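Worksheet: one structure, shown below.
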Amino acid sequence: MKKVSIEKMIYTAALVLTLGVNSFGSVQAATTQQVAGQNQQVNPAGQAAKTKRKKATIKINKKAVTLNKDRSMKLKATKKNSAEGEIVWSSSKKRVASVDQNGNITAEGKGTAVITAKIKGTDVKATCKVEVQRYKLMRMRTTGYCNCRSCAGQWAGQPTASGRMPRGNHTIAVDPRLIKLGTKVQIGNIIYTAEDTGGAIKGHRIDVYYSSHSRATHHGVKYQTVKVFY
C-alpha cells in the first residue's frame, strides 16, 4: 500500500473544502454566484434584489382632547421611516383651537377643531380632535344626599327628575331655573351632570348625590365656586 504524506492529505482536504464536491464525487469549483450569494440575494436575471423601502408614518399621542376655554396643552407627534421632512402643525378652526409649530394648542372658543400634524413635503399626516368648552364661575352652597328615605322621602329609590337613576360622582340636583338639566358642572376636580331637582334646592344651591347616607352626611355644608359649562 502506497503511503501518503500528512502534508499531502491536509492539502487535499483543504482543496476539497474550497472547491466543493458534486453529487458524483468529483471536485468542482464554486461558481461566482454561489460565493456572492453569501452576501446578497440574486434574482434569475442575475441582478441584486432591491430592499423594499418602508412607508413613512406619523402619529399624535392623543386622538381627542377636551379643553376649557383659555386652557393650553402640548401634543406630541412621532414620525417613523422618515429621516427628512419637518413636522408642520395646523388647525381646522383657529377661532376654536390654535396651535403653534411645537404642538402647543390653546382653547380659544367653544366648538370643535381638528389639529393636524403633517410631514412637510408629503401627504403623510395624523389628526387630533379638540373640543373646547365655555364655562362661567358661580358661588354655590353645596350639600350631599342619597336615595334613601331620610334624604329623598317618598321618592326614595326612584329615578331622578331627568328619568335616570342617580350615580355617585356623576349626579347633582340643581334649581333648573338657574342651571338647566343636562348641564355639566365641575365641583372640585369632578365634573357632574345636573340630573335632579328638589323642593329645597332653590337658587345658588347644589345637592351632590352619594351612594351611601354616611357619605352624603359627611359632605356637610360647603360654600364652593363651581364651573358651569354652557
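Out of (1) more than 38 Å from the chain's Cα centre (by Cα); (2) among the β-branched types (Val, Ile, Thr); (3) within 27 Å of residue 68 (Cβ to Cβ); (4) not in a loop (DSSP other than H, G, I, E, B), the odd one out for residue 217 is which?
Against the list (1) more than 38 Å from the chain's Cα centre (by Cα); (2) among the β-branched types (Val, Ile, Thr); (3) within 27 Å of residue 68 (Cβ to Cβ); (4) not in a loop (DSSP other than H, G, I, E, B), residue 217 comes up short only on (3).
Looking at the range 155-175, I want the residues that are under 20 Å from residue 215 (Cβ atoms) and have a partner that is open to solvent by 40 Å² or more (accessible area, probe 1.4 Å) and assigned to a strand (DSSP E or B) with Cβ atoms under 7 Å, at least 6 apart or on another chain. Which pairs are those?
As it stands, the answer is 169/190, since those pairs meet every condition given.
Return yes or no: is residue 179 outside any strand (DSSP E or B), among the aliphatic types (A, V, I, L, M) and open to solvent by less than 60 Å² (accessible area, probe 1.4 Å)?
Values: outside any strand (DSSP E or B): yes; among the aliphatic types (A, V, I, L, M): yes; open to solvent by less than 60 Å² (accessible area, probe 1.4 Å): yes.
Considered against the rule, which asks whether it is outside any strand (DSSP E or B), among the aliphatic types (A, V, I, L, M) and open to solvent by less than 60 Å² (accessible area, probe 1.4 Å), residue 179 comes out as yes.
Just the residues that are in contact (Cβ under 8 Å) with a residue 40 or more places away in the chain and touching a Leu at 6+ places or on another chain (Cβ under 8 Å), please, taken from the range 191-227. Please lay out each step first, then the result.
The first filter runs over the range 191-227 and keeps only residues in contact (Cβ under 8 Å) with a residue 40 or more places away in the chain, leaving 198, 204-213, 215-227.
Within the range 191-227, 204, 225, 226, 227 qualify.
Provide a single number: the residues in the range 185-199 that are loosely packed, with under 15 Cβ neighbours inside 10 Å and either among the polar types (S, T, N, Q) or more than 13 Å from residue 168 (Cβ to Cβ) (or both).
Taking the range 185-199 as the starting set, the residues that turn out to be loosely packed, with under 15 Cβ neighbours inside 10 Å are 188-190, 199.
Pick out the ones that are also either among the polar types (S, T, N, Q) or more than 13 Å from residue 168 (Cβ to Cβ) (or both) and you get 188-189, 199.
The total comes to 3.
Of everything in the range 160-176, what is closer than 20 Å to residue 137 by Cβ, in a loop (DSSP other than H, G, I, E, B) and open to solvent by less than 20 Å² (accessible area, probe 1.4 Å)? Give them in sequence order.
Within the range 160-176, 174, 175 qualify.
Give me the pairs: first residue in the range 85-114 and polar (S, T, N, Q), second residue outside any strand (DSSP E or B) and crowded, with 16+ Cβ neighbours inside 10 Å, beta-carbon distance under 7 Å, and six or more apart or on different chains, which are they?
Close Cβ pairs satisfying both conditions: 98/108; 112/96.
Of the numbered conditions (1) open to solvent by less than 50 Å² (accessible area, probe 1.4 Å); (2) at pLDDT below 95; (3) not in a loop (DSSP other than H, G, I, E, B), residue 150 satisfies every one except a single condition; which is it?
With respect to (1) open to solvent by less than 50 Å² (accessible area, probe 1.4 Å); (2) at pLDDT below 95; (3) not in a loop (DSSP other than H, G, I, E, B), residue 150 is out only on (1).
Give the residues of the range 200-222 that are open to solvent by 70 Å² or more (accessible area, probe 1.4 Å) and under 20 Å from residue 177 (Cα atoms), sorted by residue number. Talk me through it step by step, then tell me what you get.
So in the range 200-222, the residues open to solvent by 70 Å² or more (accessible area, probe 1.4 Å) come out as 202, 204, 211, 213-215, 217-218, 221-222.
202, 204, listed by residue number.
Of everything in the range 59-71 that's modelled with pLDDT of 95 or more and part of a strand (DSSP E or B), which residue is nearest to residue 121 (Cα to Cα)? Show your work before the answer.
Of all residues in the range 59-71, those modelled with pLDDT of 95 or more come to 59-65.
So of that shortlist, the ones also part of a strand (DSSP E or B) come out as 59-60, 64-65.
Details: 59: 17, 60: 18, 64: 25, 65: 27 Å.
My answer is 59.
The values are calculated or read from the model by the stated rules, or taken from the named source; none is laboratory data. Treat the numbers as computed from the prediction; the structure is a model and nothing was measured. Here the Cβ is made from the backbone with ideal geometry for all residues, glycine too, and neighbour counts use every protein chain on show. SASA here: full protein model, heavy atoms, side chains in, ligands and nucleic acids out. Shrake-Rupley method; radii C 1.70, N 1.55, O 1.52, S 1.80 Å.
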